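Peer 1: Handing you a structure now.
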Amino acid sequence: MIMIDLTINEKQLERTERKLLGPEPKVPRGQVYIITERCKECGFCWTFCPMDVLEKSELSNVKGYHYPRVKDGKETACINCETCTLICPEFAIYTERIDEE
């Protein structure tokens, strides 16, 4: 009778998982740009941002509208999904992809 040892150590398991699953996908990053004078405070951008990056600013533009701002601590959370760009009726906000190396 032949006995085969089928035990696997942690390193072998990790190596096998990496081969099967491939490298972890990179999360895209974006930079938010706000044209404050175009904003009319509809709130769509901060309401529908899937990463909860935006909030209503305490500051206002010359028309008296509070425009969006990036929340403190969320400066790198934008994934460049462009939801804010697509939903803004005044074209007051857009994102650009940041290429990370």
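Peer 1: How far is helix 10-21 tilted off the main Cα axis of the chain, in degrees rounded to 10, range 0 to 90?
Peer 2: Helix 10-21 sits roughly 60 degrees off the main axis of the chain.
Peer 1: Per residue of the chain, what 222 nm ellipticity follows from adding -39500 (n - 2.57) for every DSSP H run with n ≥ 4, rounded to the nearest 500?
Peer 2: After summing the helix terms and dividing by residue count, I get -5500 deg cm²/dmol.
Peer 1: Step through the residues of region 33-44 one at a time and calculate ³J(HN,Hα) from phi using the Karplus curve (6.51 cos²θ - 1.76 cosθ + 1.60, θ = phi - 60°), rounding each to whole Hz and writing x for Gly and Pro.
Peer 2: For region 33-44, the Karplus curve yields 10, 10, 9, 4, 6, 7, 5, 10, 6, 5, x, 4 Hz.
Peer 1: Under a 5 Å amide H to amide H cut-off, with H placed in plane at 1.01 Å, what residues pair with Leu54 once short-range neighbours are removed?
Peer 2: Placed amide hydrogens put Lys71 under 5 Å from Leu54.
Peer 1: If you compute P(r) over Cα pairs in 5 Å bins from 0, in percent for the structure shown, which of [x] 2, 12, 18, 16, 11, 7, 6, 5, 5, 5, 4, 3, 2, 2, 1, 1, 0, 0; [y] 2, 12, 18, 18, 16, 13, 9, 6, 4, 2, 1, 0; [z] 2, 9, 6, 7, 6, 5, 6, 5, 5, 5, 5, 5, 4, 4, 4, 4, 3, 3, 3, 2, 2, 2, 1, 1, 1, 0, 0 do you land on?
Peer 2: Answer label, from the structure shown: [x].
Peer 1: Take the residue pairs Lys19/Lys74; Lys26/Lys71; Lys26/Lys56 and return only those whose Cα atoms are more than 26 Å apart. If you can, show how the numbers build up before the last one.
Peer 2: Details: Lys19/Lys74 33 Å; Lys26/Lys71 23 Å; Lys26/Lys56 29 Å.
As for pairs spanning more than 26 Å Cα to Cα, those are Lys19/Lys74; Lys26/Lys56.
Peer 1: Given a Förster distance of 35 Å, report the FRET efficiency between Glu37 and Leu13 from their Cβ-Cβ distance, rounded to the nearest 0.05.
Peer 2: On the way: r = 57 Å, r/R0 = 1.62.
With a Förster radius of 35 Å, E is 0.05.
Peer 1: Right, something else. Gaussian network model of the chain, Cα springs within a sub-10 Å range: biggest mean-square fluctuation belongs to which of Glu75, Glu41, Glu24?
Peer 2: Glu24
Peer 1: Okay, next question. Report relative contact order for region 26-98 in percent, whole number only (criteria: Cα-Cα under 8 Å, sequence separation at least 6). Could the numbers behind the result be given before it?
Peer 2: Details: 136 pairs, mean separation 34.0, N = 73.
Computed over region 26-98, the figure is 47 percent.
Read the figures in this text as sums done on the coordinates, not as results from a lab. Note that the structure is a prediction, hence the values are computed from the model and not measured. Neighbour counts run over all protein chains shown; Cβ positions are idealised from the backbone, glycine included.
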